[in-house]
Amino acid sequence: MEARATGTDKAVESVFREEHGRLLASLVRRFGDLDLAEEVASEAVEAALVHWPVHGVPDKPGAWLLTTARRKAVDRLRRDQAYAARLAVLQLDADRAGPAPAPGTGADSDLPDERLQLFFTCAHPALLPEARGALTLRCLAGLTTPEVARAYLVPPATMAQRIVRAKKKIREARIPFRVPDADELPGRLPGVLQVLYSIFTEGYTASSGPRLQRLDLAEEAVRLARILHRLLPAEREVTGLLALMLLVHARRAARTGPTGELVLLEDQDRDRWDRTMIDEGLALVPPALTGGPPGPYGVQAAIAALHDEATDLTTTDWPQIVALYDVLLTLTPSPVVALNRAAAVAMRDGPEAGLALLDDLAGEERLRGHHPYPAARADLLQRLGRLPEAAAAYRQALDLAGTEPERAHLRRRLEAVEQAGPDTPAHP
């Protein structure tokens, strides 16, 4: 019986992980309150852990959870008339926002897929930026509050307060649970995409800590991007973001060595790249770039595709990458984009050309605490044989780097420069 219960627990966990966002979205749509939705969803899972070991996992587990959660919500509202009156006002707002999607839009025909509304609610511009990602992970990815806290490297109590405040803001500001109208969508969608991309970048290259990558966080971002793409397949920037994530995440196994050390792109074993994921990403790049002006995520995906298609650094199409960065600079003028373009120019035209562009960025405020900037300068100075300047730049980057693998890599580079003699020749 114990083995059976353990298997059932795993089945419930698997179903809840897969269905959590859809279940929560449907409950919020019905009752208009995130707190109530989360509480009855958890109670439905507890009921499943009691019921399913005896009667078996139902054919439509998502629908079973939704029905159970709805009953528990109705029971609670019957006991608390004041709560019910408050939710009635929220429900009126939801009804005015538009009709609920028809059933049958999700994998389980009895459980409508209303996650798109939840995406826009969690990423609403009225919420603080740090709350948007936290709510997205909590509500759509189904992470617990301690898991979200680990994702953002804050204590669980701090994250719990952050989530409570965000829910209170949604409730008190009566933020509607709906998909923006067609004329609003272009202004609201970038915020949703930015939340997902921020989650992914923290997973792909952690801002601090003992590890370079936090693969669980990156994979959650990819999973959420897949969901958003299924819900908005015609939105080219959604397609571009998913393509970008896939093409970058495909390199995850080669980005670190056996002890977790950083491995640069030029030194990575490309046989370890995930070719299935690369093929999936490559197929998404053309639709992301056609049918209208290109968007930033589509252009970044095209850059990632050129890296993934090359057999090594020397066969990479650097002229095309520079041209794409030129396009990206017109779409999103940013010193970080300019930094990446300078690195590509160095590969195309040589380290001196790249260094000149980096020196032009020396006064950019956003790059002052951004360790890749002095690290890039140090690398080009080292290539040019300007070793004392390279050592100074490596020290600056070392002071700014956030993760231990990055610091260890910079220490190795600094030691190599310091140990090199004054007659060490420059290298390309």
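The values are calculated or read from the model by the stated rules, or taken from the named source; none is laboratory data. What you see is a predicted model, and the numbers here were worked out from it, not measured in a lab. Cβ sites come from the backbone with ideal geometry, for glycine too, and all protein chains shown count toward neighbours. The accessibility values were calculated without ligands, DNA or RNA, using every heavy atom of the protein model including side chains. Shrake-Rupley method; radii C 1.70, N 1.55, O 1.52, S 1.80 Å.
Laid out as a table, the results:
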quantity	calculated
Highest to lowest packing among 28-38, 182-192, 132-142, scored as the average C-beta count within 10 Å	132-142, 28-38, 182-192
Furthest towards positive pole of dipole, 25, 287, 259, structure part the chain, Cβ charges	25
Sequence ranges 370-376, 153-159, ranked by mean other-Cβ count within 10 angstrom, highest first	370-376, 153-159
Residue-by-residue Karplus 3J(HN,Hα) for the range 148-163, coefficients 6.51, -1.76, 1.60, Hz, glycine and proline x	5, 4, 5, 4, 9, 6, 10, x, x, 5, 5, 5, 4, 5, 4, 5
Crossing angle, helix 335-349 versus the chain [Cα axis fit, 0-90 degrees, rounded to tens]	40
Vicinal HN-Hα couplings computed from phi for the range 318-330 (Karplus, 6.51 cos²θ - 1.76 cosθ + 1.60; Hz; Gly/Pro x)	5, x, 5, 5, 4, 4, 5, 5, 4, 5, 4, 5, 6
Check: the range 229-340 dipole with +1 on Lys, Arg Cβ and -1 on Asp, Glu Cβ, in debye	320
Between 0 and 90°, nearest 10: helix 81-97 axis offset from the chain longest Cα axis	60
Residue among 278, 221, 299 farthest towards the positive dipole end of the chain, charges placed on Cβ	221
Anisotropy class of the range 189-251 from Cα gyration tensor, a/c 1.5 cut	prolate
Eligible aspartates and glutamates near residue 60 by straight Cα distance, threshold 13 Å, same-chain separation 8 or greater	18, 19, 108, 110
Span from the the range 114-145 Cα centroid across to the the range 25-63 one, whole angstrom	20
Hz values of 3J(HN,Hα) by residue in the range 116-126 - Karplus curve (6.51, -1.76, 1.60), Gly and Pro given as x	4, 4, 5, 3, 6, 5, 5, 9, 5, x, 6
Cα centre as origin, Lys/Arg/Asp/Glu Cβ charges: the chain dipole, Debye	1460
Structure-based [θ]222 nm, the chain - -39500 (n - 2.57) summed over DSSP H runs of at least 4, per residue, nearest 500	-22500 deg cm²/dmol
Interchain or long-range residues, amide H under 5 Å from residue 209's placed H	404
Three-way shape call for the range 309-350 based on the alpha-carbon gyration tensor, with the a/c threshold at 1.5	prolate
Peptides 162-170, 48-56, 202-210 ordered by average Cβ neighbours within 10 Å, highest first	162-170, 202-210, 48-56
Accessible surface of residue 326 - all protein chains present, 1.4 Å probe, nearest 10 Å²	60
Residues with amide H under 5 Å from that of residue 256, placed H, sequence gap 5 or more	263
Three-way shape call for the range 16-63 based on the alpha-carbon gyration tensor, with the a/c threshold at 1.5	prolate
